[in-house]
Each structure stands twice: as C-alpha cells, then as structure tokens.
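The values are calculated or read from the model by the stated rules, or taken from the named source; none is laboratory data. Quick caveat: nothing in here was measured; it's all calculated off a predicted structure. So basically every Cβ, Gly included, is an ideal-geometry build from the backbone, and we count neighbours across all protein chains shown.
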Amino acid sequence: MLQQAIGSVLSFAVVVAISPIPIIGVVLMLGTPRARSNGPAFLAGWLLGLSVVGVVVLLVAKGAGADDDGGASSGVSWLKIVLGLVLIALAVRQWRRRPRGDEAGTLPKWMEAIDQFTAGRAAAMGVALSAVNPKNLLMTIGASVAIVQTGASTADKFVALAVFVVIGTMGVGVPLVLYFVMGERAVQVLDGLKTWLAAHNNAVMAVLLLVIGAKLLGDGISIA
C-alpha cells in the first residue's frame with residue numbers, strides 16, 4: 001500500500017516542484033543582500049504551507065470515509081472529475097495568456113519589492129505560494145485525496161505525504177542549496193534559468209496543468 005500511495009502523488013509533486021513563479025521568486029531572493037536569511041525563511045514557509053494543507057486534507061478525507069468503499073468512493077471520483085475540469089480550465093487560461101512573439105513575460109508585482117523583504121515576509125510568501133496559490137493548492141488537495149483513496153495505513157499515508165512535500169520542495173530547494181554551496185556564482189548560473197522560466201512560465205504551466213487535469217478527469221470517470 002505504501003508504494004501505491006507514493007506512486008499516486010508523484011505526478012502532483014512534480015508539478016508543484018517545477019512551478020516557474022516560485023522558482024523565479026527564490027532565485028531573485030538569492031540575489032538580494034538578505035539572501036542568507038530570506039532564502040531559508042522562504043523555504044521554511046513553503047514546507048509549512050504544503051505540509052499543513054496536506055495534513056488537513058488527509059484528516060478531512062479520512063473523516064469523511066474517503067478510503068472506504070461505496071458512496072465515499074463515488075464522492076472521491078466526483079471530486080477528481082471536478083479537480084480535473086478545473087485544472088484543464090486553468091491550463092487553457094494559462095495558454096491564452098502566454099507571451100506571443102517577442103513579447104516579454106509578465107511577472108507578479110510582488111517581485112519588484114523583493115529587495116525589501118524581511119525574513120518574516122519571505123516566509124509568508126513561501127506559505128502563500130505553496131498553500132494559497134490556487135494551482136499548488138489544487139495539486140496538494142489532489143495528492144492528498146489520491147493518498148487516502150489507496151486505503152493505506154495512517155502511517156503510510158503520512159509517509160506518502162512527506163514524499164510529496166519533499167519532491168514538491170525540490171524546485172525552490174535546489175537553487176537555495178546551490179547558493180550555499182557555490183555562493184554568488186550560483187546567482188549567475190541560475191540567472192539563465194530565471195530568464196527562461198519568466199519567458200515560458202505560462203506555456204510550462206499550461207502543459208503541466210493539462211496533463212494532470214486530464215489524468216484526474218480520466219481517473220474520476222473510470223471509478224464514477
């Protein structure tokens with residue numbers, strides 16, 4: 001059951017891990033004078049956000065009997081269908097908003113003030129991007145529901161959630177590790193990645209959301 005539970009979260013975790021905006025945000029943060037405090041604070045907030053949402057959904061789904069047979073399974077299937085349709089709709093929206101030709105990609109306005117971030121604000125932004133951001137919130141809900149539906153033991157469910165959180169953190173964690181290993185050279189290395197992600201953010205997310213949305217929709221229909 002543990003292997004099944006872990007397998008059920010991998011695709012969701014990968015989408016969270018390679019979400020462009022959080023990666024761009026942490027790379028920009030590492031180029032500021034407070035990089036050594038704000039970077040770890042952002043990572044801590046990110047971990048907290050994913051973990052809290054995941055645990056809450058696990059407990060709520062368990063309490064609702066989502067890992068039982070019968071009506072509960074039907075309820076989970078409909079939840080997957082709804083999540084799948086929402087993700088497909090978001091994918092279409094992201095694709096339509098992608099830059100055309102030489103048009104520059106637009107980034108969130110909060111990034112303009114990233115030089116003034118304190119550790120507390122960096123941590124709060126980590127929580128917001130992991131737990132409040134609609135796309136990552138839907139990924140975490142989908143992963144948690146998938147874990148519960150496997151019928152794994154309570155301990156295995158939390159191990160699978162921990163795997164989801166660890167993999168989902170790699171996108172923002174790797175730049176931070178590189179910074180502490182390589183110092184200022186890491187910022188120069190990561191600058192090219194930041195530029196590419198800024199230009200292709202919408203297209204990348206559109207493809208990822210479409211793939212996961214279609215998977216959820218198919219899974220939901222197959223067990224409805």
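Regarding Leu138, is this residue among the hydrophobic types (A, V, I, L, M, F, W, C), under 16 Å from Pro22 (Cβ atoms), in a helix (DSSP H, G or I) and modelled with pLDDT of 85 or more?
So Leu138 passes the test.
Testing Val187 on (1) in contact with a Leu (Cβ under 7 Å, 6 or more places away or on another chain); (2) closer than 17 Å to Gly126 by Cβ, one condition comes back false. Which one is that?
So the condition that Val187 fails would be (2).
Only one residue in Ala152, Ala160, Ala143 is small (Gly, Ala, Ser) and more than 16 Å from the chain's Cα centre (by Cα), so which one is that?
Matching residue, one of Ala152, Ala160, Ala143: Ala152.
If Phe158 passes every condition in (1) under 19 Å from Val16 (Cα atoms); (2) modelled with pLDDT under 90; (3) in contact with a Leu (Cβ under 8 Å, 6 or more places away or on another chain) but one, which one does it miss?
Only one criterion in (1) under 19 Å from Val16 (Cα atoms); (2) modelled with pLDDT under 90; (3) in contact with a Leu (Cβ under 8 Å, 6 or more places away or on another chain) is unmet by Phe158, namely (2).
Is at least one residue of region 203-215 surrounded by fewer than 17 Cβ atoms within 10 Å (Cβ to Cβ), without any contact (Cβ under 8 Å) to a residue 12 or more places away in the chain and either over 15 Å from the mean Cα position of the chain (by Cα) or under 22 Å from Val86 (Cβ atoms) (or both)?
No.
Matching residues to (1) in contact with a strand residue (DSSP E or B) (Cβ under 6 Å, 6 or more places away or on another chain); (2) closer than 21 Å to Ala13 by Cα; (3) surrounded by 18 or more Cβ atoms within 10 Å (Cβ to Cβ):
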{"residue": "Phe117", "(1), (2), (3)": "no, no, yes"}
{"residue": "Gly120", "(1), (2), (3)": "no, no, no"}
{"residue": "Phe158", "(1), (2), (3)": "no, yes, no"}
{"residue": "Gly168", "(1), (2), (3)": "no, yes, yes"}
{"residue": "Val172", "(1), (2), (3)": "no, yes, yes"}
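Consider Pro108 carefully, then state whether it is touching a helix residue (DSSP H, G or I) at 6+ places or on another chain (Cβ under 7 Å), surrounded by fewer than 14 Cβ atoms within 10 Å (Cβ to Cβ) and either modelled with pLDDT under 85 or among the aliphatic types (A, V, I, L, M) (or both).
yes
Without any contact (Cβ under 8 Å) to a residue 24 or more places away in the chain, of a type in the set (Ser, Thr, Tyr) and out of contact with any strand residue (DSSP E or B) (no Cβ under 8 Å at 6 or more places or on another chain) - does that describe any residue in region 129-148?
No, that holds for no residue.
All but one of (1) surrounded by fewer than 24 Cβ atoms within 10 Å (Cβ to Cβ); (2) among the aliphatic types (A, V, I, L, M); (3) at pLDDT below 90 hold for Ala128, so report the exception by its number.
All conditions are met except number (3).
Give the residue, chosen from Ser37, Ser19, that is under 20 Å from the mean Cα position of the chain (by Cα) and of a type in the set (Ser, Thr, Tyr).
Going through Ser37, Ser19 in turn, the sole match is Ser19.
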